[in-house]
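Read-outs: derived from the displayed coordinates by stated rules, not from any lab. As the structure is a prediction and not an experimental result, all values here were calculated from the model. Backbone-built Cβ (ideal geometry, glycine too); neighbour counts: all protein chains shown.
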Amino acid sequence: MNMPISTKIPPSNHPFAEVIHRLEAGGAMLPDTPENLMQIIGLYKAYAVPMDFYWRDLLYIGEQVFLNPLPFFKFFISNEYLQRENHYAGDNADLRIWRGRGTVHPELEEFIKQGELKKGLPRLFHHLWHDRINMEFAEECMRAMLWHRNMYAPVNQFDPYLDSDEYKQNADRAIRAYFKGNPLMLALHNTFPEMFLEQCREASYYANLGLFWEVMAPVFFEISDLYDEGKIASVPDAMNFLVNGIFAIAGRPIYHHVYIRGECYEIIPKSKGFTWLYEAALPYVEAVFYRTSPFRGTKSYNAQAGQVPDDQKDFHYGVLYADKFPVGTAGIPPTLLAQDMLHFLPQYLVDYYQQHCRGEDDMLIQLAISFQRSMYCVTSAVIQALRAALLYPLDDPNPKHLMANRKFFESQMDRFLRPEARLRDIQSPIYR
Amino acid sequence: MLSTLIWLPVFGAAVIGFLPGNFASARFRWGAIAISGFLLLWTLWLFTQFDLATSEMQMREFVAWIPTLGINYSLGLDGLSLPLIALTNLLTLLVAFSSEHLTPQAQVLKRPRLFYALLLLINAGMAGALLAQNLLLFFFFYELELIPFYLMIVIWGSAKREYAGMKFLIYTATSGVLILAAFLAIGWLTGSANFEYSAIQTAELSQRVQLILLTLVVIGFGIKIPLVPLHTWLPDAYVEASTPTAILLGGVLSKLGTYGLARFGVGLFPETWSLVTPGLSVVAAVCLMYGALAAIAQKDIKRMVAYSSIGHMGYVLLGMAALTPLSMVGSVSQMVSHGLILALLFYLVGVIEVKVGTRELDVLNGLLNAIRGLPMTSALLILAGMASAGIPGMMGFVAEFLVFQGSFTTFPIPTLLGVIGSGLTAVYFVILLNRTCFGKLDNKTAYYPRVTLSEHLPALALTALVFWLGIQPTWLVRWSESTTTALVSAAPVERQIVLSQATAITAPVLD
């Protein structure tokens, strides 16, 4: 839906005027080229497969592992969770919105069985060899959300609720039930009541992110299928698919249930009415796409020298700002994610990367940069969705309304004026 | 046996030079590799035949050439020339193997036929000069080196190559004139029937004449080494020359200067030499400090390495000036060590230049990056820097330590300055490594091609050698011990007594 640039209001003078005009015309921050489309769709697919594991394991940790003080096997998901039906996809879905299957994706199932080594070694060896889905990345995202709390207040009710007495009571009940018959832990809990409560908040964020990604995985699977079928032909098509998806699922409940000895403890009951868009999606985008934290890659940050901002709000280390060149350095979250995605790249992307830069040798970086492009497309969808929810249609006849839209877009683009933002880079195909 | 080292490369150069020009460049390359590889094997075989016990010339060959003028084809090998022959052949092989890798991607190595022919001629000239036992024969090979080197600089050099080549030619031709004058005077004044090295007796000359002749020799070879203040051709020549030429200039040619000094300075004028050593030790200290300080100030990493070369040749001179058995062994070891480490440094800088496209310290950054950088090259550069700075475990340490240990009793202050210079080496290598290898790779520019295994191979081989000779230094020093001891023992007796008294006096104090 490429609409002509509006002539009802004068052109923008913003440094990113070109991008703003594109957004006003119904486009994305990412230029609409076949190459970009291929990269982002391929990455959505490669991202969706590990994500199908992320959400299952996150819910497993939040609901089953919970406060286990020695959670050595938290990434060894139970079969029940691995085969768990998605609530919004598959034949047995509560509300079928997406057409894919509800149980675990076949590529993922095979990978879990055999790993990259294709050897039927015991799972523990695959785990220690990092021949597995790297949940460390998912946990890093969860921690970013926990750490940057109070985002999107006051519309985000999830976060204040974690500090409410009601939550504390629910959590206390679950903690006491979990450590029943364990006097040491109960004594610790009585002495330091905040300690396990904070752990419980973390578990609530495990559940929050798990429920968020439960929705995103089938979205990305479907967008990839549609592209393969030729039904998604441009970057705005992909973005609009995401926007529609966001609205279709915006009301999905966000909750935290814990299962202790077969009994369900509702730490955050569904009845609180927390929803997917405001309590999970928007905080997620803010925490993971924009802020995150200065983890160590090849660059180390010196907080005492002022290299890390004093105010958490000013953090800009997320995927939209990240330097992808250090990807490949052991242990940093982007590398772990890139490795996960590398296992599930569609063939057309493997061939594409072979032709550029160092081919096989730096595929991790190339795909990490494609991932950055695809996340700019997701962020564009979020910006367009917010504009649709809070402001006016793009084809509104009233120039004042268009001006309000313009101001909104400009304020969003202001966040990319920082020198480390990659919005400028992704405008060019040379950045790879 | 020794003639093979001279005539095989000459023959190879002729064959390559007369092959049709439309042959693929790879054929010339493999031809040069085959010949230089064979020469290296031949040298290894010479090592097995070499008698460690004697300080006499071995494997002598003699053919009368122009007897009336006293010019004969007279060759011989001793502990001074053998390690340098090996160094020359190793570096020739390395250059033959890697010249194409060290040519910027956008251009191929132009005129490969001429290049490889000149390379083999250089090898022949070096071997001839190192083996010659006749003064004029030495001079013949010494001058022969000039032509291929001049051509190498002006044909394959960078922007200011004509200027650098001409400067190199003028300086080294002057060096040649001085050496020729000295040699002719030595031959005529001593009244020997020919210019045979072994036949010359300088003892009957007056000390004043000896001093004049020695001065000519020192200045002549000092230009070649080069010693400060005769060094100004070096930074231009090393930097403007292409990387393969720079490896040969620094690794091989500069050794002719120090070799000449040891052979014809220390060897022919032992008494007068010990007269001038205090002055030479000061020159050595100046070289050391000047080279290090100038290197610190550079912005171009190749120029930095070039200045480091000046500093490190200072150790060779310091060891020779001290003239103790230990320091002389150190001196010879330092020649080899300098040749290998400098070649490694130039090679790695050349790889960086080819891949990244710049040598500017202010532009380079983050090359250690595991995937998009040049991690192996950077890692080897760090090792090479450590070797050059004399970190124990690598051969740079062995050579420098021997020099310091041997020269401290004779020249404490220049030695201490040498130790400081060694510390300053660490300073400029930390600057170099910090700017080039560490830091953040620039997203705008960092799309460098990968370094292939065959491009790594020469650097890996040199690094392995640097480590091996650092851990097993006996393989480095054993060859030259007899020869250097003989050179030292030719020094005047009083001096040796003074030295032994000095150690005798200090020994109880140390206890």
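What angle, in degrees between 0 and 90 and rounded to the nearest 10, separates the Cα long axis of helix B:301-322 from the longest principal axis of the Cα atoms of chain B? Result, in degrees: 20. Remark: relative contact order (chain B) = 16 percent; criterion is Cα-Cα distance under 8 angstrom and separation of 6 or more residues.
Once you keep just the Cα pairs under 8 angstrom separated by 6 or more residues, what percentage relative contact order results for the range A:136-217? 38 percent. Local charge sum around A:R422 (other residues, Cβ-Cβ under 11 Å, Lys/Arg +1, Asp/Glu -1)? Charge balance near A:R422 sits at +1. With K and R counted +1 and D and E -1, the other residues having a Cβ less than 13 Å from that of B:R372 yield a net charge of +3.
Counting other Cβ atoms within 10 Å, which chymotrypsin sites (Phe, Trp or Tyr not before Pro) in the range A:364-432 have at most 16 and lie in a DSSP loop?
Numbers: sites: A:F371, A:Y376, A:F408, A:F409, A:F416, A:Y431; in loops: A:F416, A:Y431.
Answer in residue order: A:Y431.
Annotation note: chymotrypsin sites (Phe, Trp or Tyr not before Pro) in the range B:1-86 located in DSSP loop regions with a Cβ neighbour count of at most 14 within 10 Å are B:F23. Sorted largest first, the principal axis extents computed over the alpha-carbon atoms of the protein assembly as shown equal 116, 69, 53 Å. For the residue pair B:D362 and B:L69, what label-to-label distance in nm results when each label sits 7 Å from Cα along the Cα-to-beta-carbon direction? Between B:D362 and B:L69, the simple spin-label model gives 5.5 nm.
In a simple Cβ point-charge model (Lys, Arg +1; Asp, Glu -1; nothing else charged), the protein assembly as shown has a dipole of about 1040 debye relative to its Cα centre.
If you take each beta carbon of peptide A:360-372 and count the beta carbons of other chains within 10 angstrom, what is the mean? The partial results should precede the final answer.
Numbers: counts 1, 3, 6, 1, 3, 5, 2, 0, 1, 1, 0, 0, 0.
For peptide A:360-372, the averaged partner shielding equals 2.
Computed from the C-beta positions of B:A297 and B:Q207 and an R0 of 51 Å, the FRET efficiency is 0.80 to the nearest 0.05.
Just to confirm a number: summing +1 for Lys and Arg and -1 for Asp and Glu over residues other than A:Q114 whose beta-carbon lies under 13 angstrom from that of A:Q114, what do you get?
Working: positive: A:K113, A:K118, A:K119, A:R123, A:R132; negative: A:E107, A:E109, A:E110, A:E116, A:D131.
That sum, taken over residues with Cβ under 13 Å, equals 0.
Computed extension gain for A:E194 through A:A177, at 0.36 nm per residue and net of the alpha carbon distance, reaches 4.5 nm. For the range A:189-205, backbone nitrogen atoms closer than 15 Å to the point 7 Å from A:D163 Cα along Cα-to-C-beta are found at A:198, A:201. Helix B:375-388 and the longest principal axis of the Cα set of chain B meet at an angle near 20°.
With the contact rule set at Cα under 8 Å and sequence spacing of 6 or more, what percent relative contact order holds for the range A:19-106? Don't skip to the end; give the middle numbers.
Working: 74 pairs, mean separation 15.5, N = 88.
Averaging sequence separation for qualifying contacts and normalising by length gives 18 percent for the range A:19-106.
Extending each Cα 7 Å along its Cβ direction at A:E107 and A:S271, get the distance between those two points in nm, one decimal. Each label point is offset 7 Å from its Cα along the Cβ direction, giving 4.3 nm.
Under the convention that each Lys and Arg Cβ holds +1 and each Asp and Glu Cβ holds -1, the size of the dipole of chain A around its Cα centre is about 320 debye. Here is the list for the range B:65-164: trypsin sites (Lys or Arg not before Pro) lying in DSSP coil, each with at most 15 other C-beta atoms within 10 angstrom of its C-beta, are B:K110, B:K160. In plain terms, the residue of A:C200, A:C357, A:C264 with the fewest other Cβ atoms within 10 Å comes first and the most crowded comes last, giving A:C264, A:C357, A:C200.
Label separation (B:V427 vs B:I391): 2.0 nm, computed from points 7 Å beyond Cα along the C-beta direction.
Between the Cα long axis of helix A:165-178 and the first principal axis of chain A there is an angle of about 50°, rounded to the nearest 10.
Computed from the Cβ-Cβ distance with R0 of 41 Å, the FRET efficiency linking A:Q312 to B:F38 stands at 0.05.
Basic side chains Lys and Arg get +1 at the Cβ, acidic Asp and Glu get -1 at the Cβ, and with that the dipole of the range B:283-511 about its Cα centre reaches some 640 debye.
With neighbour counts taken as other beta-carbon atoms within 10 Å, the residues A:F179, B:F195 rank, fewest first, as A:F179, B:F195.
Computed from the Cβ-Cβ distance with R0 of 25 Å, the FRET efficiency linking A:M403 to A:N244 stands at 0.45. Take each residue of peptide B:360-370, count the partner chain Cβ atoms within 10 Å of its Cβ, and average: the result is 2.
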